[in-house]
Amino acid sequence: MDNIFKRIVILPLIFISLLLTKAQQKMTMDNTALLIIDVQNDYFPGGKMPLEGSEQAGKNIQQILEEFRKNKLPVIHIQHISTNEGASFFLPNTPGAEINPLVSPKNDEKIITKHFPNSFRETDLLEYLHSEKIKNLVIAGMMTDVCVVSTTRAAFDLGFNNLIIGDATATRDRELDGQVIKAEEVQRSFLAGISALGNLYSRITGTKDFLNGK
């Protein structure tokens, strides 16, 4: 009798819990925006600063972008225009500074121009996110160890929950003390660092897992 009574009580509670979980997931997506950082022509083959794996990363970002568009969720394109003395890429009014066709913005999608690695610095990004009641950011773009990481850390400090799509980011070889550090190692190290301490600054996932809801 006790077991029957427990089942009568527990089963409705489980059902209610599942409903609440689904509602929370939907609410989370309702407060989520896709932030695409610096997917611009100079980072692709033939550009002035080509990155390792930029084409594949761009294709992955394109898939994620299509998912956001399909679900009518906010999309924000960050476009870097170099204004610092001695800059060699993303120069104003050049084809290399244009957003790559893989992720060309649509008319209703926000485009924010920045001049620093941190997408929040001297831009209206924070104001826009607040106006749209965004609490969660799905982040993709380039370069992983510069603009992606600096923007993600700033977003955390400003109270946002972050998710980086790891295979939708890209970087290039670096040099330290005369030694070359390969792009793959740079990529993995920076993603590992930003997700350290229990995903403190950001959780990391892959394109397939994200599209499958994992």
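The values are calculated or read from the model by the stated rules, or taken from the named source; none is laboratory data. Remember, it's a predicted structure, so these values are computed and weren't measured experimentally. Every residue, glycine among them, receives a Cβ derived from its backbone with ideal geometry; neighbour counts consider all protein chains shown. Side chains are part of the model used for accessible areas, which takes the heavy atoms of the whole protein and leaves out ligands, DNA and RNA. Shrake-Rupley method; radii C 1.70, N 1.55, O 1.52, S 1.80 Å.
For region 71-83, how many residues are within 19 Å of Asn41 (Cα to Cα) and in a loop (DSSP other than H, G, I, E, B)? So the answer is 3. Working only within region 189-211, note down all residues that are buried (at least 18 other Cβ atoms within 10 Å of the Cβ) and part of a helix (DSSP H, G or I). Phe190, Leu191, Ile194, Thr207, Phe210 - these are the residues of region 189-211 that are buried (at least 18 other Cβ atoms within 10 Å of the Cβ) and part of a helix (DSSP H, G or I). Among the strands (runs of 3 or more DSSP E) confined to region 114-176, the ones with at least 3 residues that are under 20 Å from Gln63 (Cβ atoms) are located at 136-142, 161-170.
Identify, please: which residue in region 169-188 is of a type in the set (A, V, I, L, M, F, W, C) and more than 14 Å from Val149 (Cβ to Cβ) and is, among those, surrounded by the fewest Cβ atoms within 10 Å (Cβ to Cβ)?
Filtering first and then ranking leaves Leu176.
Restricting attention to region 91-111, and to residues there that are assigned to a loop (DSSP other than H, G, I, E, B) and closer than 26 Å to Ala33 by Cβ, which single residue is most open to solvent (accessible area, probe 1.4 Å)?
Looking only at region 91-111, we keep the residues that are assigned to a loop (DSSP other than H, G, I, E, B), and these are 91-94, 98, 100, 104-109.
Next, from what is left, pick out any that are closer than 26 Å to Ala33 by Cβ: 98, 100, 104-109.
On the way: Glu98: 99, Asn100: 18, Ser104: 53, Pro105: 44, Lys106: 112, Asn107: 170, Asp108: 131, Glu109: 21 Å².
The qualifying residue most open to solvent (accessible area, probe 1.4 Å) is Asn107.
What number of residues in region 105-127 are out of contact with any strand residue (DSSP E or B) (no Cβ under 9 Å at 6 or more places or on another chain) and closer than 17 Å to Met142 by Cβ?
Let us first name the residues in region 105-127 that are out of contact with any strand residue (DSSP E or B) (no Cβ under 9 Å at 6 or more places or on another chain), namely 107, 118, 126-127.
Among the residues that remain, those that are also closer than 17 Å to Met142 by Cβ are: 118.
The number of residues fulfilling the criteria is 1.
Considering only region 41-60, state which residues are buried (at least 24 other Cβ atoms within 10 Å of the Cβ) and touching a Gly at 6+ places or on another chain (Cβ under 7 Å). The one that is buried (at least 24 other Cβ atoms within 10 Å of the Cβ) and touching a Gly at 6+ places or on another chain (Cβ under 7 Å): Asp42. Scanning region 7-57 for residues that are more than 28 Å from Ile164 (Cβ to Cβ) and at pLDDT below 50 returns Val9, Leu11, Pro12, Leu13, Ile14, Phe15, Ile16, Ser17, Leu18, Leu19. Every listed requirement among (1) assigned to a strand (DSSP E or B); (2) in contact (Cβ under 8 Å) with a residue 12 or more places away in the chain is met by Val180 save one, (2). Considering only residues of region 124-155 that are free of Cβ contacts under 8 Å to residues at least 40 places away in the same chain and of a type in the set (S, T, N, Q), which is surrounded by the fewest Cβ atoms within 10 Å (Cβ to Cβ)? Ranking the candidates gives Ser131 first.
Annotation: Ser202 fulfils all but one of (1) under 20 Å from Val75 (Cβ atoms); (2) more than 15 Å from the chain's Cα centre (by Cα); (3) not hydrophobic (A, V, I, L, M, F, W, C); the unmet one is (2).
Taken together, the residues in region 26-56 that are farther than 24 Å from Pro92 by Cα and not acidic (Asp, Glu) amount to 10.
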